[in-house]
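Asks: Have a look at this one.
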Amino acid sequence: MSFIDLSKNEVQCKIVYYGPGRGGKTTNLLYLHQALTDSVRGKMVTIDTKGDRTLFFDFLPLALGQIQGLSIKIQLYTVPGQVMYNATRKLVLKGVDGIVFVADSLKVQKEKNVESLENLRQNLAEDNIDIKEIPLVLQYNKRDLGGSNIPILSVEELQEDLNKELQVSSFSGSALKGDGVFETLREISKGTVKYVSRKLLSR
Amino acid sequence: MDLVLSKESIDNIISVLDEDLLRAGADCALLVDRSGNLIVNRGDPATLDVVALAALSAANFGATAEIAKLIGEDDFALLFHKGKNENIHFSKVGKGFILITLFGKDVSLGLIRLNTARVTDTLIPILGGEQ
């Protein structure tokens, strides 16, 4: 749910990074947190849990400047990717305005990517949101493993598995190195602000 | 569901929070929505990260709503966390909003509860009824 404060001329939107477990959602946020200046980013909140899984969510607020006199504040969230934490995912998805789906390029994660995207579709549908209506960007993460001996899926295979029907923007990325992280954020922010303003104009 | 609040509505919310909570001794009063957006914050939050507080409070409320379901309730109308010096009181405002009140050890919980109930009744129509 976006919130528009007309006394401050400010729009707040919520973008959620979704995807299979250990795919790099938190790493995307960490990279942004490290790379952005204090004037753009707020404090990153990670709920302290043992191990490197996200059990609840990570949170990073950003101020993206002004569009037509309105200042844009974006709140980035990640969800826990593991299948068993669906209740938490639904909780974090509440009021979402835009989604980045971080797919894992590892060959062994092929099915997990498809399962997670299907799970996203179902969770959105439960909240009466059509996955084809809400702004969505795909990021094919871990492309930097391309030259290594770890088998990875080609971009064509990922497109075929995940984007054949959706036909949304997709980016190759390496969240660890920062490749594609800003491109993904730029695209989803643009889409989300457009989506929110369109909804407002139709009120 | 998107929420657009005019300057007049925001001013009304501010005066209700100031009048009923800050004047009663609360250090800080915040109104947030259940998806984690900060709507209004009042008091002296200079050292407090109010944006993170809003996101975590919404998540906290969501998580306890799941606990409520396990014991056959829809959700809990209020939550209270007691610290050594500072306490925090969360209460539901309609279906979509949470009122967060921070207060010290010399302010009574009863007074805060009484006043948040009154604030809630005033805020619901400003926020567009039972959102």
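The values are calculated or read from the model by the stated rules, or taken from the named source; none is laboratory data. Being a predicted model, the structure only gives us computed values, none of them experimental. Cβ placement follows ideal geometry from the backbone for every residue including glycine, while neighbour counts extend to all protein chains displayed.
Asks: Condition first: modelled with pLDDT of 95 or more, within 10 Å of chain B (Cβ to nearest Cβ), assigned to a strand (DSSP E or B) and touching an Asp or Glu at 6+ places or on another chain (Cβ under 9 Å). Can you find one or more residues in the range A:37-60 that meet it?
Replies: no
Asks: May I pose another question? Looking only at the range B:1-12, how many residues end up being out of contact with any strand residue (DSSP E or B) (no Cβ under 7 Å at 6 or more places or on another chain), in a helix (DSSP H, G or I) and within 8 Å of another protein chain (Cβ to nearest Cβ)?
Replies: Looking only at that region, the number is 2.
Asks: Condition check: in contact (Cβ under 8 Å) with a residue 12 or more places away in the chain and surrounded by fewer than 22 Cβ atoms within 10 Å (Cβ to Cβ). Does B:L38 satisfy that? I'd like the intermediate steps shown before the answer.
Replies: Numbers: in contact (Cβ under 8 Å) with a residue 12 or more places away in the chain: yes; surrounded by fewer than 22 Cβ atoms within 10 Å (Cβ to Cβ): no.
Answer is no for this residue.
Asks: Take the conditions within 14 Å of another protein chain (Cβ to nearest Cβ), touching a helix residue (DSSP H, G or I) at 6+ places or on another chain (Cβ under 9 Å), within 18 Å of A:V96 (Cα to Cα) and of a type in the set (G, A, S) and apply them to B:S57. Does it pass?
Replies: On the way: within 14 Å of another protein chain (Cβ to nearest Cβ): yes; touching a helix residue (DSSP H, G or I) at 6+ places or on another chain (Cβ under 9 Å): no; within 18 Å of A:V96 (Cα to Cα): yes; of a type in the set (G, A, S): yes.
It is false that B:S57 is within 14 Å of another protein chain (Cβ to nearest Cβ), touching a helix residue (DSSP H, G or I) at 6+ places or on another chain (Cβ under 9 Å), within 18 Å of A:V96 (Cα to Cα) and of a type in the set (G, A, S).
Asks: A further question follows. If I filter the range A:1-33 down to residues being without any contact (Cβ under 8 Å) to a residue 24 or more places away in the chain and touching a Leu at 6+ places or on another chain (Cβ under 7 Å), which single residue comes out as nearest to A:L91 (Cα to Cα)?
Replies: A:F3
Asks: Looking at (1) under 30 Å from A:G65 (Cα atoms); (2) in a loop (DSSP other than H, G, I, E, B); (3) over 17 Å from the mean Cα position of the chain (by Cα), can you tell me which one A:N149 breaks?
Replies: (1)
Asks: Does A:G191 satisfy being within 15 Å of the chain's Cα centre (by Cα) and at negative phi? Step through it out loud before you land on a result.
Replies: Values: within 15 Å of the chain's Cα centre (by Cα): yes; at negative phi: yes.
Yes, satisfied.
Asks: Whether any residue in the range B:13-34 is basic (K, R), in contact (Cβ under 8 Å) with a residue 24 or more places away in the chain and not in a helix (DSSP H, G or I) is what I want to check. Walk me through it before giving the result.
Replies: Initial filter on the range B:13-34 (basic (K, R)): B:23, B:34.
Restricting the remaining residues to those that are in contact (Cβ under 8 Å) with a residue 24 or more places away in the chain gives B:34.
Next, only the ones that are not in a helix (DSSP H, G or I) stay: B:34.
Yes.
Asks: Report yes if A:K25 is away from chain B (no Cβ under 14 Å) and within 13 Å of the chain's Cα centre (by Cα), otherwise no. Give the steps one after another, and end with the answer.
Replies: Working: away from chain B (no Cβ under 14 Å): yes; within 13 Å of the chain's Cα centre (by Cα): yes.
It is true that A:K25 is away from chain B (no Cβ under 14 Å) and within 13 Å of the chain's Cα centre (by Cα).
Asks: Take B:A52 and tell me if it is of a type in the set (A, V, I, L, M) and surrounded by 21 or more Cβ atoms within 10 Å (Cβ to Cβ). Quick ask: steps written out before the conclusion?
Replies: Working: of a type in the set (A, V, I, L, M): yes; surrounded by 21 or more Cβ atoms within 10 Å (Cβ to Cβ): no.
So B:A52 does not fit the description; no.
Asks: Suppose the filter is over 20 Å from the mean Cα position of the chain (by Cα), surrounded by fewer than 19 Cβ atoms within 10 Å (Cβ to Cβ) and more than 21 Å from A:L60 (Cβ to Cβ); does A:S202 pass it? Steps first, answer last, please.
Replies: Details: over 20 Å from the mean Cα position of the chain (by Cα): yes; surrounded by fewer than 19 Cβ atoms within 10 Å (Cβ to Cβ): yes; more than 21 Å from A:L60 (Cβ to Cβ): yes.
Judged against the criteria, A:S202 is a match.
Asks: Tell me which residues, restricted to the range B:53-82, are assigned to a loop (DSSP other than H, G, I, E, B), on the phi < 0 side of the Ramachandran plot and not aliphatic (A, V, I, L, M). Give the steps one after another, and end with the answer.
Replies: Filtering the range B:53-82 down to residues assigned to a loop (DSSP other than H, G, I, E, B) leaves B:71-77.
Going one step further and asking which of them are on the phi < 0 side of the Ramachandran plot, we end up with B:71, B:73-77.
Across the range B:53-82, the qualifying residues are B:E73, B:D74, B:D75, B:F76.
Asks: State whether the residues of the range A:40-49 include one that is surrounded by fewer than 24 Cβ atoms within 10 Å (Cβ to Cβ), without any contact (Cβ under 8 Å) to a residue 12 or more places away in the chain, under 18 Å from A:R89 (Cα atoms) and among the hydrophobic types (A, V, I, L, M, F, W, C).
Replies: Within the range A:40-49, one or more residues are surrounded by fewer than 24 Cβ atoms within 10 Å (Cβ to Cβ), without any contact (Cβ under 8 Å) to a residue 12 or more places away in the chain, under 18 Å from A:R89 (Cα atoms) and among the hydrophobic types (A, V, I, L, M, F, W, C).
Asks: Could you run through the range A:62-102 and say how many residues are part of a strand (DSSP E or B), surrounded by 21 or more Cβ atoms within 10 Å (Cβ to Cβ) and β-branched (V, I, T)?
Replies: 5
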